[in-house]
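Below is one structure, written out as structure tokens, with a few remarks after it.
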Amino acid sequence: MTWSAYSSYLVFVVLVVLAPGPDTMVTLKNSLAGGFRGGLLATAGIAFGNLLQGTLVALGLGALIVSSQPVFTTLRWAGVVYLCYLGFQALRSAWRGDYRAVDETGARASGFRRWREGFLSNVTNPKVLALYLSVLPQFLDPVRGTAFDALLLAYTVAVLGALWLLLLLLFVHRVRVWLRRRRVRRSLDALTGTTLVGFGAALAAEA
């Protein structure tokens, strides 16, 4: 792979990473409920999910999943259910507005739960797999391209995605005093919940 091709790929990946998606909303949800640590663990789960899906595609296994209609459909509906579940959790918090109880529950939540939410929201989103499958071949040399090149492209997405989420976490942590205001937090929970449910509905509407 040439540096010119990789540079073009980097520009494309940055644009994709900056676009708000389920990963962004899940990170925000966990950072609000679990603080910086909660958001960091969710980010780690998302990064691991990205690495896993990228590895599958780079090694040729992702195409098998997509080509198997029952598997791909099951994965898609699992993503729909899980995104809606997370969204309704955030909407319930916004509706109740009892953040003292929410914070106490969040403080008791295990680190694995935060990590799991990030991981599952990523691996049950077939759009991530489809993105890898549709984009990576465009930047790989069909003759001289190697598995290492494919893994480099896939892992670039995971690394840049994690860096962007870390920046988001640092920003949320910086303005945490303002975010603790009940009205602000209810508004953010409502926005996060509605967006997650919207992502789930959009995923369900796809053929």
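Details
- In segment 123-158, residue farthest from residue 15 (Cα to Cα) [restricted to those that are assigned to a helix (DSSP H, G or I) and without any contact (Cβ under 8 Å) to a residue 40 or more places away in the chain]: 148
Residue-by-condition table, conditions (1) on the phi > 0 side of the Ramachandran plot; (2) surrounded by 22 or more Cβ atoms within 10 Å (Cβ to Cβ); (3) not charged (D, E, K, R):
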{"residue": "2", "(1), (2), (3)": "no, no, yes"}
{"residue": "5", "(1), (2), (3)": "no, no, yes"}
{"residue": "8", "(1), (2), (3)": "no, no, yes"}
{"residue": "13", "(1), (2), (3)": "no, no, yes"}
{"residue": "23", "(1), (2), (3)": "no, yes, no"}
{"residue": "33", "(1), (2), (3)": "no, yes, yes"}
{"residue": "37", "(1), (2), (3)": "no, no, no"}
{"residue": "41", "(1), (2), (3)": "no, yes, yes"}
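- Selection within segment 103-122: residues that are modelled with pLDDT under 75 and in a helix (DSSP H, G or I). The member of this set that is surrounded by the fewest Cβ atoms within 10 Å (Cβ to Cβ) is 108.
- Residue within segment 169-187 that is farther than 17 Å from residue 131 by Cα, hydroxyl-bearing (Ser, Thr, Tyr) and assigned to a helix (DSSP H, G or I) present: yes
- Residue match in segment 187-195 (condition: under 22 Å from residue 59 (Cα atoms) and without any contact (Cβ under 8 Å) to a residue 24 or more places away in the chain): no
- Residue list for segment 123-148, restricted to those being among the hydrophobic types (A, V, I, L, M, F, W, C) and either under 20 Å from the mean Cα position of the chain (by Cα) or modelled with pLDDT of 80 or more (or both): 123, 128, 129, 130, 131, 133, 135, 136, 148
- As a summary of the residue check, residue 195 satisfies the conditions (1) modelled with pLDDT of 75 or more; (2) farther than 30 Å from residue 6 by Cα; (3) of a type in the set (Ser, Thr, Tyr); (4) surrounded by fewer than 17 Cβ atoms within 10 Å (Cβ to Cβ) except for the one numbered (4).
- Test: residue in segment 149-156 that is of a type in the set (Ser, Thr, Tyr), closer than 27 Å to residue 57 by Cα, crowded, with 21+ Cβ neighbours inside 10 Å and more than 13 Å from the chain's Cα centre (by Cα): no
- Wholly enclosed helices (runs of 4 or more DSSP H) of segment 1-85 bearing at least 1 residues closer than 15 Å to residue 126 by Cβ and at pLDDT below 85: 22-58, 61-67
- Considered as a group, the residues in segment 1-36 that are in contact (Cβ under 8 Å) with a residue 12 or more places away in the chain and among the polar types (S, T, N, Q) include one that is farthest from residue 130 (Cα to Cα), and that residue is 31.
The values are calculated or read from the model by the stated rules, or taken from the named source; none is laboratory data. Source: prediction; values computed, not measured. We place every Cβ from the backbone using ideal geometry, glycine too, and count neighbours over all the protein chains shown.
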